[in-house]
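What follows is a set of notes on a single structure, which appears directly below.
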Amino acid sequence: MNTKIIKTLLKKEMLDVFRDRKTVLMMLLVPVLLYPLVFLGALQVSAWVTSGMEEQEYRIAVETGDGGAFYGWLEQQGALWEKELEAKRTDGKEEKKEESKPGKEAEEEQDAYKIAVLDAAGIPDHEQALENEEIDVYVSVRQEDNKMHYDVYYLASTANSPYAADIVTDVLDGFREELTRKRVAEAGMDAEEILEPILYGKKNTASSEQSLGSMIGTILPFMLIVSLLMGTMYPAIDTTAGERERGTLETVLTLPVKNRDLLMAKFLTVAGIGMVSALLNILSMGGIAAYMYAMMDLQTEMEKIRMVKFLPAVLVCILAVFAFSLFLSAVTMCVTSFAKSYKEANNYITPLMLVVMFVGYIGFIPNLELSGGMSVMPVANICLLIKNIMVFKIDYGAIAAVLISNVSYAVLAILFLGRIYDSESLLFSDGKGGLQIFEKRGDMEKDGVPTVSDAVFVLALTFLLMMYVGGFLQMKAGLAGVFGTQMILLLVPLFLVVYTKRDIRRTYGFRGAGVRGYVGGVLVCAGMIFLNLVVSAGMVWLFPESAQNVETGFSDILGDNMTVALLVVALAPAVCEEMLFRGVVFHSLKGKYRAGISAAVTAALFGLFHMSLVKFLPTGLLGLVLCFVVWQTGSIYPAMLMHFLNNMFSVIVMFRQERLARIFPAFFRDSLSVTEGLLLAGIGGILIGIGIFVMRGRRKRIEPKSL
């Protein structure tokens, strides 16, 4: 790379970005002004709500079937609360009362409310009175089995009624306790000794810094992730889709500079702005935390917190945020590079935002450890790392895994981005990516394969139907439901192909493969079985709980008839899933992008489709190989055969596990030794190599020019 050229291009990109007011606003306005305003506004709203709760009068109607005992108790409690509220208004501050409930000394400050106690005799229909908001709570009283029963009626659809119901139940707790004490005393026993035979209390051994760090570590990761996403989104759009919309990208690409230099300048621009935005967010949040601490210190006698203890955690946090910024910038640029305008880029970026924010919520989940697979899971690893270091849990191995994995993902995304910039389809769109399914059918032209947008649409629709309809069918009908789910995968894409007048033969790859294609496919499939045994063992080690869930769920679906299971679990997916992924998805992508990129994207979607952490990598690798076989042979039939054989192996293993375990013990171990792993991987690699060699001549004879 030419450093001088990159600096010049970087300066140009920075100037272009900062000319866009949206970028400046999102980078400066949100962290510097919006966060403090939101925080102060939230405090003000909280104060208003608290004040409103104190000033609000709650109307409580009480029956007197107990001789008016609870009615009188509630009136007495209301009078005490009225005195407390009056003291607050006159003194301008809360006063601690010696007695908050009748007959009991209070050891801590109690809330006070304004209530109006009404005789229920004047209310003929309490449900109608609640509906009309004439009262907030109605308390009925009846005697049953020598005990008084109190039922608290309220209307959950109103604002005051549920709150008033909580007030009444709290008062009932005190009323019950007081009656219990009186009856114990009347029996000549010591109430304290009988009712409180033991005393207990909780003592927090965490330091004040750990307590504060726990609170901050729960909220801070999500806010940082959102702010980073917002900080990188607009510069990423501007440097990719924005430049295309302005018509300057073509000019830039014709300059005597290498694409990788241009790409590096754009990436450094987006990542740099994301880092600055993250720093500003950290400083802004730190300022808010310092302000809160100062206010609490002035108003209460709280334990001193040594903020200097957070300095190492903050430094590691900044380092982690920088690494994550590299990853997020690269991924965002990959997404926006496919857009032709700002509007289209915003549409593309929305799903990414939703996914990142959804995964970011993992920081709110308690007892989730940063270990194993979680340390290399994008987004989640950053959240858990920040959460841990804020409570001073320092694991240098986990820190290294998080930083290295994020930088590695960024490098992979940059390499993928480089392939995009090397593709002419970035500049010269051929119209193959538009959504045509909603166009008038009479205007559609016959022939060709579905567009990328149509393929994405039908894939999303199929996934939703599989989740809701297919999930319901599987719960109700077992294996028959699994077959119904496969029919969804088959029929929905087929309807798209027929409706949009696409060429079924080209879309699905319905053409002969020859003996070499099938033999090579079988050899590659056998090699993948050996290779995926090693990969699966590694995934089981990383995600043991997910592996257990997959095995349990698979065994529950199979039933007890191996022949039926082979037809439904092995053959049906081999046909239906291949027609969807290696047919519609792969060929639509290959119609616009290079075969390698199309295969990688199809494989990733195929892995995600199976919705399992432990199955993602093995399934993705299988999907990648299946795409390669379709590309080599020009036919989907060998891929269907491979898919069937792979599924058949899994079904036979489940039904004949004990017998096969005696013959091939290595196939059934959750963990493999290094020697066993290398041996299985070596056998798999040899078989795959032989299979590819067998298929090599087939592709050239079928499509010598197009590929």
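Suppose the filter is open to solvent by 10 Å² or more (accessible area, probe 1.4 Å), over 20 Å from ALA413 (Cβ atoms) and without any contact (Cβ under 8 Å) to a residue 12 or more places away in the chain; does SER207 pass it? I'd like the intermediate steps shown before the answer.
On the way: open to solvent by 10 Å² or more (accessible area, probe 1.4 Å): yes; over 20 Å from ALA413 (Cβ atoms): yes; without any contact (Cβ under 8 Å) to a residue 12 or more places away in the chain: yes.
So SER207 passes the test.
Identify the single condition in (1) modelled with pLDDT under 65; (2) touching a Ser or Thr at 6+ places or on another chain (Cβ under 8 Å); (3) hydroxyl-bearing (Ser, Thr, Tyr) that THR451 does not satisfy, given that it satisfies every other one.
(1)
Can you tell me which of (1) open to solvent by less than 60 Å² (accessible area, probe 1.4 Å); (2) at pLDDT 90 or above; (3) out of contact with any Cys (no Cβ under 6 Å at 6 or more places or on another chain) is the one ALA477 doesn't meet?
(2) is the only condition that ALA477 fails.
Just give me the residues in region 479-497 being small (Gly, Ala, Ser) and either touching a helix residue (DSSP H, G or I) at 6+ places or on another chain (Cβ under 7 Å) or under 14 Å from VAL584 (Cβ atoms) (or both), in sequence order. Step through it out loud before you land on a result.
Going through region 479-497, the residues small (Gly, Ala, Ser) turn out to be 480-481, 484.
Matches in region 479-497: GLY481, GLY484.
State yes or no: is ALA380 within 15 Å of VAL226 (Cα to Cα), free of Cβ contacts under 8 Å to residues at least 60 places away in the same chain and of a type in the set (Gly, Ala, Ser)? Write out each step before concluding.
Numbers: within 15 Å of VAL226 (Cα to Cα): yes; free of Cβ contacts under 8 Å to residues at least 60 places away in the same chain: yes; of a type in the set (Gly, Ala, Ser): yes.
Yes, satisfied.
Give the residue that is nearest to TYR421 (Cα to Cα), with candidates limited to residues of region 349-385 that are in a loop (DSSP other than H, G, I, E, B) and open to solvent by 60 Å² or more (accessible area, probe 1.4 Å).
Going residue by residue through region 349-385, those that are in a loop (DSSP other than H, G, I, E, B) are 365-371, 377-379.
Still in the running and open to solvent by 60 Å² or more (accessible area, probe 1.4 Å): 365-367, 369, 371.
Working: ILE365: 40, PRO366: 42, ASN367: 43, GLU369: 39, SER371: 37 Å.
Among those residues, the one meeting the criterion is SER371.
Residues in region 167-178: is at least one part of a loop (DSSP other than H, G, I, E, B) and of a type in the set (D, E, K, R)? Give the derivation first.
First, the residues of region 167-178 that are part of a loop (DSSP other than H, G, I, E, B): none.
Looking for residues that are part of a loop (DSSP other than H, G, I, E, B) and of a type in the set (D, E, K, R), one finds none in region 167-178, hence no.
Suppose we keep only residues that are touching a Phe, Trp or Tyr at 6+ places or on another chain (Cβ under 8 Å) and modelled with pLDDT under 80 within region 256-279. Which one would you say is least open to solvent (accessible area, probe 1.4 Å)? Reasoning before the result, please.
Filtering region 256-279 for residues touching a Phe, Trp or Tyr at 6+ places or on another chain (Cβ under 8 Å) gives 259, 262-263, 275, 278.
If we keep only those that are modelled with pLDDT under 80 as well, we get 259, 278.
Working: ASN259: 47, ALA278: 1 Å².
Top of the filtered list is ALA278.
Check off (1) under 17 Å from LEU542 (Cα atoms); (2) open to solvent by less than 20 Å² (accessible area, probe 1.4 Å) for SER588 and give me the number that stays unchecked.
Among (1) under 17 Å from LEU542 (Cα atoms); (2) open to solvent by less than 20 Å² (accessible area, probe 1.4 Å), the lone unmet condition for SER588 is (1).
Here is a list: ASN346, ASN388. Which entry is farther than 30 Å from ASN259 by Cβ, polar (S, T, N, Q) and either surrounded by 20 or more Cβ atoms within 10 Å (Cβ to Cβ) or more than 18 Å from the chain's Cα centre (by Cα) (or both)? Can you show your working first?
On the way: ASN346 fails: farther than 30 Å from ASN259 by Cβ.
Of ASN346, ASN388, the one residue that is farther than 30 Å from ASN259 by Cβ, polar (S, T, N, Q) and either surrounded by 20 or more Cβ atoms within 10 Å (Cβ to Cβ) or more than 18 Å from the chain's Cα centre (by Cα) (or both) is ASN388.
Any idea how many residues of region 511-533 are under 33 Å from the mean Cα position of the chain (by Cα) and open to solvent by less than 40 Å² (accessible area, probe 1.4 Å)?
Taking region 511-533 and keeping what is under 33 Å from the mean Cα position of the chain (by Cα), we get 528-533.
Next, only the ones that are open to solvent by less than 40 Å² (accessible area, probe 1.4 Å) stay: 528-529, 532-533.
The total comes to 4.
Just one of the numbered conditions (1) open to solvent by 30 Å² or more (accessible area, probe 1.4 Å); (2) under 31 Å from the mean Cα position of the chain (by Cα); (3) touching a residue at least 40 places away in the same chain (Cβ under 8 Å) is not true of PHE644; which one?
That leaves (2) as the condition not met.
How many residues, within region 303-317, are within 23 Å of PRO378 (Cα to Cα) and either among the acidic types (Asp, Glu) or open to solvent by less than 40 Å² (accessible area, probe 1.4 Å) (or both)?
Result for region 303-317: 3.
Restricting to region 119-164, name every residue that is in a helix (DSSP H, G or I), in contact with a Leu (Cβ under 9 Å, 6 or more places away or on another chain) and open to solvent by less than 90 Å² (accessible area, probe 1.4 Å).
If we filter region 119-164 for residues that are in a helix (DSSP H, G or I), which is where we start, we get 120-122, 126-131, 160-164.
Add one more test, that the residue is in contact with a Leu (Cβ under 9 Å, 6 or more places away or on another chain), and what stays is 127, 130-131, 161-162.
Matches in region 119-164: LEU130, SER161, PRO162.
Determine whether region 593-602 contains at least one residue that is under 13 Å from ASN532 (Cβ atoms) and among the β-branched types (Val, Ile, Thr). Walk me through how you get there before you give the answer.
If we filter region 593-602 for residues that are under 13 Å from ASN532 (Cβ atoms), which is where we start, we get none.
No; the residues of region 593-602 include none that is under 13 Å from ASN532 (Cβ atoms) and among the β-branched types (Val, Ile, Thr).
In region 475-525, which residues are in contact with a Pro (Cβ under 7 Å, 6 or more places away or on another chain) and under 27 Å from LEU464 (Cβ atoms)?
GLN486, LEU496, VAL497, THR500, ARG502, THR507
So how many residues does region 1-42 have that are of a type in the set (D, E, K, R), farther than 19 Å from LEU249 by Cα and at pLDDT 70 or above?
We begin by selecting, within region 1-42, every residue of a type in the set (D, E, K, R); these are 4, 7, 11-13, 16, 19-22.
Pick out the ones that are also farther than 19 Å from LEU249 by Cα and you get 4, 21-22.
Keeping just the survivors that are at pLDDT 70 or above gives 4.
Going through region 1-42 one residue at a time, the tally reaches 1.
The values are calculated or read from the model by the stated rules, or taken from the named source; none is laboratory data. Computed from a predicted structure; not experimentally measured. Please note: Cβ atoms are built from the backbone with ideal geometry, for glycine as well, and neighbour counts cover all protein chains shown. When the accessible area is computed, the model is the full protein with side chains, heavy atoms only, and any ligands, DNA or RNA have been set aside. Shrake-Rupley method; radii C 1.70, N 1.55, O 1.52, S 1.80 Å.
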